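Have a look at the structure below, then the notes.
The values are calculated or read from the model by the stated rules, or taken from the named source; none is laboratory data. Owing to the predicted nature of the structure, the values given are computational and were not obtained by experimental measurement. Don't worry about glycine lacking a Cβ; one is built from the backbone with ideal geometry, like all the others, and counts go over all protein chains shown. Side chains included, ligands, DNA and RNA excluded: accessible areas come from the protein's heavy atoms. Shrake-Rupley method; radii C 1.70, N 1.55, O 1.52, S 1.80 Å.
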Protein chains: 2
Amino acid sequence: MNKHGGYHGLGQVIDYSVNINPIGLSDRIKDVLIASINDATRYPDIAGERARQTVAKSHNIDPHHVIMGNGASELIYLFARAIKPKKVLIIQPTFNEYERAFSLVGSEIVNHTLEARDNFKLHLEAFGATLAEHQPDVIVLCNPCNPSGQYIPYDQLEDFLGLISNYESYLFIDESFIEFTGHTSIIHHTHIDRVFSLRSMTKYYAVPGLRIGYGVGSEHIVQRLEVYKEPWTMNNLALSAVPAMIHNCIFHEQVEVWLREERQPMYKALEQIEHLHVHRSYTNFFLCKLHHVSGHELNKRLEPLGAHVRVCDDFTGLDESYIRIALRGHEENVKLIDLLVRTLAVK
Amino acid sequence: MNKHGGYHGLGQVIDYSVNINPIGLSDRIKDVLIASINDATRYPDIAGERARQTVAKSHNIDPHHVIMGNGASELIYLFARAIKPKKVLIIQPTFNEYERAFSLVGSEIVNHTLEARDNFKLHLEAFGATLAEHQPDVIVLCNPCNPSGQYIPYDQLEDFLGLISNYESYLFIDESFIEFTGHTSIIHHTHIDRVFSLRSMTKYYAVPGLRIGYGVGSEHIVQRLEVYKEPWTMNNLALSAVPAMIHNCIFHEQVEVWLREERQPMYKALEQIEHLHVHRSYTNFFLCKLHHVSGHELNKRLEPLGAHVRVCDDFTGLDESYIRIALRGHEENVKLIDLLVRTLAVK
């Protein structure tokens, strides 16, 4: 299996490597989960039908355009199996499960790697040349992008969609972090038959342990995925919690306040740190380039002081001089800044 | 997706179609689940490592022989994808997900169908002829068998294993109901490199909503499955409950008492019912043949009276005159017998 974030060592270490909403599980969701304990003795809906209805209603779309997943990860693998593309073009650097999923079904993988020095901007001309050269069956774009934190809003994405409409390519667009941008999904702007949007509930709702995600696409794509979908993939307690999570207005407000109060100051503070370059972020994590030490060396210094960051050496186009830092609560953000200042002062 | 048991209608209907242990969730497991609520905010082990250790220890086997699954169903599909057999021989009638899983990876499916009039007994000579004719890459045997309730104990299975050892076939043996037989798994008797035993926690521990299963096989098979295994497929609350479930001695005793007190009397009572033939069962459900009405007609009569049984028309080798009845608690068993007597008296 691929490498991923997450601190697996001992001691009281704050894990800045996992980019999960730090507001966590509200008491209301906990209550719903506890009240649903007896659902453990009942089979879940075979394909999560009730949750699908809830999700569709929340986006004001037809349920036939929605498919539920055991986390977004089920749907990455399911999409790969159902579409079985000969050639996949992945816009890099990005989450490493796309490559694994498509490789397992025998797809040839080609990368279009964006440049750090250009702040990971997607240039249409260069991308058009890659498209023309490879004519991929599937294009994979993570937007906002994990790990770069960059985001292409819909008005800028239109030209990109126009460009790819000249090809027979599917667009697999991972919008797992979109709630943190304050923007809405591509699904509200376009109904291109070959676009599939992947959504995770893990990151925004802070429930990586529950495993809930969903995908939105044309009926044609959803039906094709359903042919390959395995039965009962979602836990029944997790399914029970979906409506309460989606309709939790207080939680949505808390997240908004947290982002407003923490993101920009954290960026400004990271900008001030010597020997580190931070990329501007539109989501809940920051990609940083270290100038004098590797991310591994930094973690060796941080961990005894109680912090751990994500070293990005397994992302295509990055190396061990890149780290990804999750935005956390105020005190933890302040603590990390302090630790970075202290640990990076030493060469 | 395939058809499965489960009553989806309205009203207070006892569902005899789902063959789940009626003893249900103990307070202890509920407490563990409630105490694990905060695990929802943490990623599960990527492949359920701690649960794997627990399962391996409980069977006194090396953890490298064990792979955890999001229910047994994940492992049926994973095995199919990892082994990608050209030809699969399924011993029928049986659970319909095997056929779907192998068909999705392009396997040719051939059936060896056992006869109801012979109480679904596996005759080695006839089976040997099927083997010689088809030379399958994978043989699928459900033991004890869903839906027939028949079980081949290990001493009788030895000749079968000897026979298939002449071929290069994998044996995929689904032992999801084995705890109800009082016998131990094939894994304790044999270490044939090409045997993979599938185990479900759903049926015996009555947790279909949690989605936990596992498989036991040679390191060679487990490693091959791990190449294809998707990340984070198991819910973190479910994983937290595994040790408490396995080590719950009181529960194991309750199940034993229940089976001792209910199974044989239920069989005897079913035997007395006119217009119905019951097959002897080694597990927690009974396959019955109706003589004058279809299972659908029977359900039409039963449901207004508060009961629903599994019509077996989607099982290869059976038809709508077959029903499967789950053994439940004493009062519910008595109630069903009474209802069957009343509803089957009318032609």
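Values computed for the structure shown
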item	result
Options A:Met266, A:Met234: the member that is open to solvent by less than 10 Å² (accessible area, probe 1.4 Å), touching a residue at least 60 places away in the same chain (Cβ under 8 Å), under 30 Å from A:Ala40 (Cβ atoms) and hydrophobic (A, V, I, L, M, F, W, C)	A:Met234
Failed item, numbered, when B:Gln150 is tested on (1) touching a residue at least 60 places away in the same chain (Cβ under 8 Å); (2) over 16 Å from the mean Cα position of the chain (by Cα); (3) surrounded by fewer than 23 Cβ atoms within 10 Å (Cβ to Cβ)	(2)
Failed criterion for A:Ala82 (all others in (1) more than 10 Å from chain B (Cβ to nearest Cβ); (2) open to solvent by less than 10 Å² (accessible area, probe 1.4 Å) hold)	(1)
Single residue of A:Glu271, A:Glu256 found to be over 23 Å from B:Glu74 (Cβ atoms), in a helix (DSSP H, G or I) and within 20 Å of the chain's Cα centre (by Cα)	A:Glu256
Subset of the range A:204-222 [out of contact with any strand residue (DSSP E or B) (no Cβ under 6 Å at 6 or more places or on another chain) and away from chain B (no Cβ under 12 Å)]	A:Tyr204, A:Ser218, A:Glu219, A:His220
Residues within the range B:1-55 that are within 9 Å of chain A (Cβ to nearest Cβ), among the small types (Gly, Ala, Ser), assigned to a loop (DSSP other than H, G, I, E, B) and touching a residue at least 40 places away in the same chain (Cβ under 8 Å), tallied	4
Test result for A:Gly215, touching a residue at least 60 places away in the same chain (Cβ under 8 Å) and either open to solvent by 50 Å² or more (accessible area, probe 1.4 Å) or under 26 Å from A:Leu114 (Cα atoms) (or both)	yes
Test: residue in the range B:90-98 that is buried (at least 16 other Cβ atoms within 10 Å of the Cβ), assigned to a helix (DSSP H, G or I) and more than 20 Å from the chain's Cα centre (by Cα)	no
Checklist (1) open to solvent by less than 40 Å² (accessible area, probe 1.4 Å); (2) part of a helix (DSSP H, G or I); (3) within 14 Å of another protein chain (Cβ to nearest Cβ) applied to B:Met68, failing item	(2)
Count - residues of the range B:99-157 that are in a loop (DSSP other than H, G, I, E, B) and more than 17 Å from B:Glu168 (Cβ to Cβ)	20
Qualifying positions in the range B:100-143 - open to solvent by 40 Å² or more (accessible area, probe 1.4 Å) and under 17 Å from B:Gln156 (Cβ atoms)	B:Asp118, B:Asn119, B:Lys121, B:His123, B:Leu124, B:Glu125, B:Ala126
Top-ranked residue of the range B:281-340 - restricted to ones that are of a type in the set (Gly, Ala, Ser), part of a loop (DSSP other than H, G, I, E, B) and out of contact with any Cys (no Cβ under 9 Å at 6 or more places or on another chain), ranked as farthest from B:Glu256 (Cα to Cα)	B:Ser294
Only listed residue being under 14 Å from B:Asn146 (Cα atoms) and open to solvent by 70 Å² or more (accessible area, probe 1.4 Å), chosen from B:Arg280, B:Arg324, B:Arg310, B:Arg342	B:Arg280
Subset of the range B:237-257 that is out of contact with any helix residue (DSSP H, G or I) (no Cβ under 6 Å at 6 or more places or on another chain) and open to solvent by 20 Å² or more (accessible area, probe 1.4 Å) - its residue that is farthest from B:Leu340 (Cα to Cα)	B:His247
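Condition check ((1) modelled with pLDDT under 95; (2) within 14 Å of another protein chain (Cβ to nearest Cβ)) across all residues:
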| site | (1), (2) |
| --- | --- |
| B:Gly162 | yes, no |
| B:Ser165 | yes, no |
| B:Ile186 | yes, no |
| B:Asp193 | yes, no |
| B:Phe196 | no, no |
| B:Leu225 | no, yes |
| B:Trp232 | no, yes |
| B:Cys249 | yes, no |
